[in-house]
Amino acid sequence: MNIQEAKLQIQRTVSIYLMKDEFGSYRIPLQEQRPVFMIGAPGIGKTAIMAQIAEELNVSLVSYAMTHHTRQSALGLPMIAHRTYQGREFEVSEYTLSEILSTVYETMERSGKKEGILFLDEINCVSETLGPSMLQFLQYKTFGNHSLPQGWVVVTAGNPQEYNRAVHPFDIATLDRLKVLNVEPDYAVWKQYAEQRQIHPAILSYLEVRSDDFYCIENTADGRACVTARGWEDLSEAMRLYEEKGYPIDETLITQYLSHPRIASSFATWYELFRRYRSDYQIGKILAGSEDPAIAERLHQASYDEEISVAGLLLEHVQPLIRRNMETEESLRGILPFLRQLKQECAAHPGQVDLGQRLQAQADSIHARMKQEEAAGSLSPRRRRVALQQRRMLAQMKREAGLCKAEGSGFAAVQKCFDSMALAMREEAAAISGQLDHLLAFGHESFPDEEGMIIVLSQLIASSDCARFIAEHGCPRYFQYAEDLNLEKRHEGLLKEMRAYQAQAAGDAGVSLK
């Protein structure tokens, strides 16, 4: 199975393990829950999906790489305890609370969440001294004298033996106590994830043409050579920051992430062409609808590789703008219920509501929730950005309210500030819609074949932000070209989601306190 199918299986497993009966007891007792064991090549996203699952199920996540642990750190240290049995005193061996279990309890305390996932990576690479204790934990969920708390689900992962010399294959008795998921690299699945994460367009366009280079682990004359999904994602982040700093992106940098000489060299050459196209094609003028006709003619005569690169360059400019605009809208919608309640309080108790205190308390509450999610290991980068933006918005409203001296005018200032933010968001959305319209018109007229437009349209709708933006703000050219290219069947599920967004937008047009 691919990593997306594995994610679904784990999500369902955690869900049923957390089901309770009418008395509040877990339907499947902790000791009877089979831990999940994901086995797959390194770098395909096994660790990444665990954070996604924890966020989506609203539970905590504690992760450990088991190769870093000794028997003492996992099991705890032995200690002598005194016990009385049938009137006689005995000295017995017990263990202190292990590092792993103590982290679970600390996470529960900091996050306030009593349920979670304990993810143990590289489980089949533990040392020989730790092995027996690890197998006992997988079966009974105990380290020494201490048990994993109820409501925590064990998920494990490991590499096949051909990828890691330290692997100790599990025997049949152990495998019979695990839910085994064999995970294989799958570029098509990773591509959907990459489009959501806005992986650098040079990487996406390269892999669109050379998908065989997506994942490769092989022995060469110079040793082990490897390229993984994790390597591409880490390289993407480094490239964006290098570009911001104006640092050169060359083979020296690329080989630090892609440990395969041929693929690193090939991508370095591709990036140089991509960088040249970024300059030659005057993307800003295309999005403004004022491009030189010679640019369109050049693209019409371009090779397939150049066509794919230009499609990526067009999306590179529009997708981040859409994401930021949708996050701003999400931030405004998130604080809207609080502001409506505050408006009612001010109307019911004129001059008695301390606006500064109430706005600050709401900002503090958002910060506290963010810290709880962070402690639980389930705070996504997007959720962090939205929370920080909401706090900044509330701080600005507090300043505006503080500047109003006239009695009863404080909330009017808050509403004016909010409405100004909402108006700026809508004006920005209108400008982006215009750029999107120019982009699609240029692509429709200029791409030498349908493939370029199919890539642009497919990657637009593959991003949930872009799909929602198009649904809420409209884009007639998108739906026209999607119908012309028969994309309805290819993306039936995504288009259905867009129509749901359209219905929601129609029922709650704009963002307003009124």
*Could you identify the single residue in 241, 204 that is more than 14 Å from residue 43 (Cα to Cα) and crowded, with 16+ Cβ neighbours inside 10 Å?*
204
_Looking at the stretch 219-241, can you tell me whether even one residue there is within 30 Å of residue 383 (Cα to Cα), touching a Phe, Trp or Tyr at 6+ places or on another chain (Cβ under 9 Å) and assigned to a loop (DSSP other than H, G, I, E, B)?_
yes
*Is there a residue being among the aliphatic types (A, V, I, L, M) and without any contact (Cβ under 8 Å) to a residue 24 or more places away in the chain anywhere in the stretch 278-287?*
no
*Which numbered condition trips up residue 210, out of (1) closer than 20 Å to residue 188 by Cβ; (2) at pLDDT 90 or above?*
(2)
_Filter the stretch 354-376 down to the residues that are farther than 29 Å from residue 325 by Cβ and either in contact (Cβ under 8 Å) with a residue 12 or more places away in the chain or crowded, with 20+ Cβ neighbours inside 10 Å (or both) and list them by number._
356, 375
_Members of the stretch 337-353 found to be closer than 19 Å to residue 389 by Cα and either of a type in the set (Ser, Thr, Tyr) or surrounded by 14 or more Cβ atoms within 10 Å (Cβ to Cβ) (or both), listed by number_ = 338, 339
*Residue that is nearest to the chain's Cα centre (by Cα) [pool: residues in the stretch 341-353 that are part of a helix (DSSP H, G or I) and free of Cβ contacts under 8 Å to residues at least 60 places away in the same chain]*: 341
*asked:* Being surrounded by 15 or more Cβ atoms within 10 Å (Cβ to Cβ) and in contact with a Pro (Cβ under 9 Å, 6 or more places away or on another chain): is that true of residue 334 here?
replied: no
*Just for the stretch 460-479: of the residues that are farther than 14 Å from residue 315 by Cα and among the charged types (D, E, K, R), which one is surrounded by the fewest Cβ atoms within 10 Å (Cβ to Cβ)?*
477
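This table checks each residue for (1) in the same structural domain as residue 34 (by TED's automatic domain parsing); (2) at pLDDT below 85; (3) out of contact with any helix residue (DSSP H, G or I) (no Cβ under 9 Å at 6 or more places or on another chain).
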| position | (1), (2), (3) |
| --- | --- |
| 59 | yes, no, no |
| 118 | yes, no, no |
| 137 | yes, yes, no |
| 145 | yes, yes, yes |
| 150 | yes, no, no |
| 154 | yes, no, no |
*Out of all the residues in the stretch 3-36, which are over 13 Å from residue 178 (Cα atoms), in contact (Cβ under 8 Å) with a residue 12 or more places away in the chain and over 27 Å from the mean Cα position of the chain (by Cα)?*
26, 28, 30
*Within the stretch 175-186, identify whether any single residue is over 23 Å from residue 49 (Cβ atoms), more than 27 Å from the chain's Cα centre (by Cα) and either crowded, with 20+ Cβ neighbours inside 10 Å or at pLDDT below 85 (or both), and answer yes or no.*
yes
*For the stretch 14-49, how many residues meet the condition of being among the hydroxyl-bearing types (Ser, Thr, Tyr) and surrounded by 21 or more Cβ atoms within 10 Å (Cβ to Cβ)?*
1
*asked:* Looking only at the stretch 78-111, filter to residues that are surrounded by 13 or more Cβ atoms within 10 Å (Cβ to Cβ), of a type outside the set (Asp, Glu) and modelled with pLDDT under 75; which one of those is farthest from residue 367 (Cα to Cα)?
replied: 95
_Condition first: farther than 25 Å from residue 274 by Cα and without any contact (Cβ under 8 Å) to a residue 40 or more places away in the chain. Now tell me which residues in the stretch 176-200 satisfy that._
176
*Which one of these does residue 169 not meet: (1) out of contact with any Gly (no Cβ under 9 Å at 6 or more places or on another chain); (2) within 26 Å of residue 14 (Cα to Cα); (3) in contact (Cβ under 8 Å) with a residue 60 or more places away in the chain?*
(3)
*Please work out which one of (1) closer than 30 Å to residue 399 by Cα; (2) aliphatic (A, V, I, L, M); (3) in contact with a Phe, Trp or Tyr (Cβ under 8 Å, 6 or more places away or on another chain); (4) at pLDDT 80 or above is the condition residue 513 fails and give its number.*
(4)
*Residue check: is residue 327 in a helix (DSSP H, G or I), surrounded by fewer than 21 Cβ atoms within 10 Å (Cβ to Cβ) and touching a residue at least 12 places away in the same chain (Cβ under 8 Å)?*
yes
*On the given criteria, is residue 254 out of contact with any strand residue (DSSP E or B) (no Cβ under 8 Å at 6 or more places or on another chain) and either under 16 Å from residue 204 (Cβ atoms) or outside the structural domain of residue 363 (by TED's automatic domain parsing) (or both)?*
yes
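The values are calculated or read from the model by the stated rules, or taken from the named source; none is laboratory data. From a predicted model like this one, the values you see are computed outputs, not experimental measurements. No Cβ is skipped: glycine too gets one built from the backbone with ideal geometry, and neighbour counts run over all protein chains shown.
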